[in-house]
Amino acid sequence: EVASAWLRLAADRERLALAKSTQQTRQESLDLVRRTFELGAVSALDVHQAETLMQSARADAARLESVLAQDQNALAQLVGGSVPATLLPDGLEQAVATVAELPARAWASPTVESATGWFSSSAHSVTSVSRRRDHSSASFR
């Protein structure tokens, strides 16, 4: 269950980042459509549609903020306390690598203390592996 909660948290963090990016893009688009409307090049319907898209993106981001809080609470409940923010997964790739590297016993009876140790040591090794991978791929460019 802890691994599932960890992966769900990572996936939802990525979804939230995408939703925030989409919201920013929709806002910029709305600003552009409004300026174009002021110049008489588009109709009020175009402005209304852009506003609707931006509001929808804003709602998606807000909903995902709530989902993310629920994910963090579920993980905290499973390990018996909150996991420090510095140990939370940055994204799904990191979370999958973390889960894959940890022994099965790590997930059997988690505690905040054991999770902190596992996650921090695994996050360090995942970062090291990522850096090596990035460095080796850079040499082929």
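Bear in mind that the values in this text are calculations on the coordinates, not laboratory data. Here the structure is a predicted model, which means the values were calculated and not measured. So basically every Cβ, Gly included, is an ideal-geometry build from the backbone, and we count neighbours across all protein chains shown.
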Task: Cα-projected label distance for Arg63 with Gln24, points at 7 Å along beta-carbon direction, nm - done: 2.2
TODO: Along each of the three principal axes of the Cα atoms of segment 1-50, give the extent in whole Å, ordering the values from largest to smallest.
DONE: 56, 15, 7
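Under 37 °C and 0.692 mPa s, how fast does segment 31-88 diffuse according to Stokes-Einstein, given a Kirkwood radius computed over C-alpha pairs? Answer in µm²/s, whole number.
For these conditions, the coefficient is 229 µm²/s.
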- [ ] Could you work out the local net charge near Ser66, counting Lys and Arg as +1, Asp and Glu as -1, over the other residues with Cβ closer than 15 Å to its Cβ?
- [x] +2
Open item on the list: Once you keep just the Cα pairs under 8 angstrom separated by 6 or more residues, what percentage relative contact order results for segment 1-101?
Closed with: 47
TODO: Compute the length gained on full extension between Ala44 and Ala85: take 0.36 nm times their separation in residues and subtract their Cα-Cα distance, giving the result in nm to one decimal.
DONE: 10.3 nm
